[in-house]
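The structure under discussion appears below in the form of structure tokens.
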Amino acid sequence: MTERIVEIHSGTDDLVAAAAARLVAVVTAAQRARGSASVVLTGGGTGIGLLEVVRKSPGEIDWSRLDVFWGDERFVPAGDAERNDLQARQALLDHVPVDPSRVHPVATSDGEYPDPIEAAAEYSALVHAHLAEHGAFDLHLLGMGGEGHVNSLFPDTDATREDHELVVAVTNSPKPPPVRVTLTLPAIRRTRHVVLVVGGAAKAEAVAGALAGAAPIDIPAAGAAGSETTTWLLDEAAAAQLPR
């Protein structure tokens with residue numbers, strides 16, 4: 001059973017620094033133990049902010065032995081500023097000696113797979129191949145929306161109900177853009193260490209509900225768990241409704 005850890009930090013800067021430190025620690029430990037590591041990145045201000053911190057303080061990460069995936073992606077053209085992979089490259093990946101063959105972005109809407117269902121199938125094949133070789137992702141980073149969504153898994157949607165496929169297309173996201181490709185809760189659970197990084201008072205109710213055991217269909221973050229650890233990194237505002 002996963003070990004659940006809850007850490008509360010004083011503000012955004014401390015929260016982002018803690019998340020960056022966790023990424024470095026998990027990746028370096030995995031590389032020492034197994035020779036390589038894999039990380040599933042998240043977007044959003046906090047998710048990209050922590051990558052900028054890692055860029056400045058990478059610790060002992062061997063970038064040539066790191067596989068990089070994304071938890072979800074907006075299905076928009078290459079070069080669109082909304083793409084999580086573009087933001088991650090600008091914040092970190094373009095500035096470190098990562099092996100390009102080990103960086104695995106979701107297809108773009110103007111690329112080889114212009115149908116989001118086909119793009120999801122292609123990404124699923126990549127994910128399955130990686131898991132077949134390595135058993136699990138080492139780290140899956142997650143942000144959380146005010147209603148409790150993680151990746152592009154929103155409350156009361158088919159993508160959140162998915163209990164078999166590891167990657168699915170979302171064609172009616174309640175948050176624009178409407179078309180996305182996302183890893184599912186089963187994929188998140190194929191991860192040794194899941195880290196949710198959540199800040200802001202608008203998310204306090206969903207944080208409290210998820211940690212109290214809400215159903216994932218109501219608060220998808222409640223279904224995000226690693227096989228070894230599940231860590232909630234919160235700022236004071238996001239933790240405001242937790243029992244103290």
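If you wrap the tightest convex hull around every Cα atom of the range 1-118 and split its volume per residue, you get 132 Å³. In order along the range 94-107, the Karplus-derived 3J(HN,Hα) couplings, from 6.51 cos²θ - 1.76 cosθ + 1.60 at θ = phi - 60°, round to 6, 10, 10, x, 6, 6, x, 6, 9, 9, 10, x, 6, 4 Hz, and Gly and Pro are given as x.
Farthest towards the positive end of the charge dipole of the chain, among the residues Ala19, Thr157, Ile219, is the Cα of Ala19, using unit charges on the Cβ of Lys, Arg, Asp and Glu.
Taking the empirical scaling 2.2 N^0.38 Å for compact globular proteins as reference, the range 53-153 has a Cα radius of gyration ratio of 1.13. Say R0 is 35 Å: what FRET efficiency, to the nearest 0.05, do Ala25 and Arg244 get from their beta-carbon distance? The calculated FRET efficiency here is 0.85.
Working from Cα pairs under 8 Å separated by at least six residues, relative contact order for the range 132-244 is 31 percent.
When you count the other C-beta atoms within 10 angstrom of each residue and take the mean per peptide, 217-229, 127-139 line up highest first as 217-229, 127-139. Extending 7 Å from the Cα toward the beta-carbon at both His128 and Ile5 defines two label points whose distance is 3.3 nm.
Distance between the modelled labels on Arg102 and Ser57, one decimal in nanometres: 2.4 nm (7 Å Cα→Cβ projection). Placing unit charges on the Cβ atoms only, positive for Lys and Arg and negative for Asp and Glu, gives the chain a dipole magnitude near 600 debye about its Cα centre.
Close amide H contacts of Ser109 (hydrogens built in the peptide plane, cut-off under 5 Å, sequence separation of 5 or more or a different chain): Val76, Ala78. Students often get this wrong: which residues of the range 123-148 have the backbone nitrogen under 15 Å from the point 7 angstrom along Cα-to-C-beta of Glu165? Only 123-128 fall inside the zone, counting backbone N under 15 Å. Candidate membrane-span-like segments in the chain, meaning DSSP H helices with Cα atoms spread over at least 15 Å of their own axis and a Kyte-Doolittle mean of -0.5 or above, are 12-34, 44-56, 116-134, with no membrane implied. Pairs of Cα atoms nearer than 8 Å and 6+ residues apart set the relative contact order; for the chain it is 24 percent.
FYI, it's all coordinate maths here, none of it is from the lab. Treat the numbers as computed from the prediction; the structure is a model and nothing was measured. For neighbour counting, all protein chains shown are included, and Cβ atoms are generated from backbone atoms with ideal geometry for every residue, glycine included.
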